[in-house]
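Data block below; observations after.
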Amino acid sequence: MQNRVSNAASQNASEPVGSAYRPRTAIIGAGAAGMLQAIKLREAGLDNVVIYEKANEVGGTWRENRYPGIACDVPAHHYNYSFEHNPGWSHRLALGPEIQSYMKKVADKYDLRRSIVFGAKVTSAVFDGRQWHIETSNGIRDTVDFLVAATGPLHIPAFPNIPGLEEYKGIKFHTAEWIDGIDLSGKRVGVIGSGSTGTQVISALAEQGVNLKAFIRTPQWVFPLPNRKFGKLERAIVSAFPFIGRMTGNFYGWFFEHVFAEAVIKNGWQRKFLSSMCRWQLGRVKDPVLREKLTPSDAPLCKRMVMSTAFYPAVARPNVEVVRDGIVRATEKGLVDQTGRLHELDIIIFATGFHARAYHRPIAVTNAQGVTLDDAWKDQTGAHLSVHVPGFPNFMLIGGPHSPRGNFSAIAYSEAIVDHIVKVIRHCAENGIHAIEARPEALAKFREHVMSAIPQTVWTTGCTNWYMDEQGMPENWTGTPDEYRAILREPNYDEFLLST
Ligand code: NAP
């Protein structure tokens, strides 16, 4: 029976629920967002929860990405869960391995491992009108009431389509598939790509003295954010007085949300300030030929801004050559650029990014009418509030289309989505609602709202980046972080079809 249930009074996501209906929720992925979702559901008393994780450890992106130089470009004291501040960060921008140990510690502290099925890659999910039937690659079948895709926006590596690459006889791999322990000394190494990942890996390898060619097709603007190491005394003080770390985190949170996140959506002082800082840093590259090679032709912030003070000095080192002539093909010995020059290489590293619009994929998600989510999204990708897909009841995405991917801290925006999802599930539990589905007109209104702000964003100034769709439209949130939190804060159940 399909009926409308009135919008319940405002709920606090951390109060325990009281109804007899105890929905079971499956979360796909034990990365930062999936772990957070499980913690918050349990806190709300919705403790019938399971996480399916394809790997054998928590941490998501921080487990998977192990390339040299990996660090988060959101300052560490702002890049932790708001309820689980880590006073022990070693650097302003935490290094990948220490973020991964933070994730593992949180998993242990909140006893999450008892709810995680490791080594279980969800392959399909089928809705029967009331529940989701899940299958994993290792033969597990489960039936759950709610399904949350916390699969991460950047989990499927993208490889360049270079003719002849299969003939190349050297070693080649993607930064997300780093070969642990690989010895690069004495090797001729090429890195393709200079986004956030490429600049970090190039900087680290250059400093190690590796004989490096950096293939830069499109230079990016680089904001000078130094990654200072915290001294022993400083760390001891922050550990003794954790409020100092929290205050630091709040400051960076303010700075990121009111400067970076606003700079991309309107042409105000924030954009001018960040742009001038990037230009200033580029201007400090002494060699005019190198400076020219590193000068972007697009507007600062149109591509996701890179944060580094290490990159320009790294590529100025004698062991590094920046190659701007495009790669046209590969041979068994290396890469040939458009001038016909062969760059002989022992190792090629692809820092070529990810299929950022993969979302839940490659999982086959099918609704009760037999329609797959891929088919539903064939003409247009979309989710109401970036979370709920019309036609796919009880299925929710963290980091879905038009979420603030790349705008502000992934942990900060995940907290807003996760709290929203807890409220929705709780509302269903308390009101005996067995299926909740966004109305198509609600999605249309949400989309219109997001699209109407696109002309003011920097993303229309002419560039390519990983959050554009096929039409060159950004699939990002186009408002402020506070506005995003506001649309998620109190679910408006008039925007949903509810079935008891
Ligand atoms: P990305 O920003 O998509 O960059 C991919 C790079 O590969 C670009 O420079 C691109 O050049 C180049 N490329 C792709 N195909 C190529 C080809 N056929 N030939 C030559 N160059 C090619 O990917 P990413 O660097 O992995 O970063 C993705 C996002 O992950 C970041 O924006 C950030 O949000 C996140 N991230 C964060 C951190 C951090 O917190 N520190 C670190 C890493 C990543 P074009 O621009 O010409 O396409």
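The values are calculated or read from the model by the stated rules, or taken from the named source; none is laboratory data. None of the values given here were measured: they were computed from a predicted structure. Cβ: placed from backbone, ideal geometry, glycine included. Neighbour counts: every protein chain shown. The protein model used for the area step is the full one, side chains on, heavy atoms only, and it has no ligands, DNA or RNA in it. Shrake-Rupley method; radii C 1.70, N 1.55, O 1.52, S 1.80 Å.
Residues in the stretch 393-447 that are over 24 Å from the mean Cα position of the chain (by Cα) and on the phi > 0 side of the Ramachandran plot: Gly432 alone.
Let's see how each residue does on (1) within 16 Å of the ligand (Cβ to nearest atom); (2) closer than 26 Å to Ile363 by Cβ:
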residue	(1), (2)
Leu93	yes, no
Ala107	no, yes
Ala120	no, yes
Gly152	yes, yes
Pro160	yes, yes
Thr175	yes, yes
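Within the stretch 198-219, the only residue that satisfies the criterion of being over 24 Å from Val336 (Cβ atoms) and either touching a His at 6+ places or on another chain (Cβ under 8 Å) or near the ligand (Cβ under 7 Å from one of its atoms) (or both) is Gln200. Against the definition (of a type outside the set (Lys, Arg) and open to solvent by less than 10 Å² (accessible area, probe 1.4 Å)), how does Trp459 come out, yes or no? So Trp459 fits the description; yes. On the basis of being open to solvent by 30 Å² or more (accessible area, probe 1.4 Å), more than 15 Å from Arg217 (Cα to Cα) and at pLDDT below 95, does Arg357 make the cut? Criteria met by Arg357.
For Phe146, the conditions (1) out of contact with any helix residue (DSSP H, G or I) (no Cβ under 9 Å at 6 or more places or on another chain); (2) open to solvent by less than 10 Å² (accessible area, probe 1.4 Å); (3) away from the ligand (no atom under 11 Å from the Cβ) are fulfilled apart from (1). For the stretch 387-412, a residue qualifies if it is over 13 Å from Leu147 (Cα atoms), outside any loop (DSSP other than H, G, I, E, B) and open to solvent by less than 10 Å² (accessible area, probe 1.4 Å), and exactly one does: Ile411. Taking every residue in the stretch 186-205 that is more than 15 Å from Pro313 (Cβ to Cβ) and modelled with pLDDT of 95 or more and pairing it with any residue that is near the ligand (Cβ under 6 Å from one of its atoms) and in a helix (DSSP H, G or I), at least 6 positions away or on another chain, the pairs with Cβ-Cβ distances below 7 Å are Val191/Gly198.
For every residue, the table says whether it meets (1) assigned to a helix (DSSP H, G or I); (2) touching a Lys or Arg at 6+ places or on another chain (Cβ under 9 Å); (3) in the same structural domain as Val201 (by TED's automatic domain parsing); (4) modelled with pLDDT of 95 or more.
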{"residue": "Asn7", "(1), (2), (3), (4)": "no, no, no, no"}
{"residue": "Gln11", "(1), (2), (3), (4)": "no, yes, no, no"}
{"residue": "Ala33", "(1), (2), (3), (4)": "yes, no, no, yes"}
{"residue": "Tyr67", "(1), (2), (3), (4)": "no, no, no, yes"}
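With a requirement of 2 or more residues that are surrounded by fewer than 16 Cβ atoms within 10 Å (Cβ to Cβ), the helices (runs of 4 or more DSSP H) lying completely within the stretch 233-338 that satisfy it span 242-255, 269-283, 288-293.
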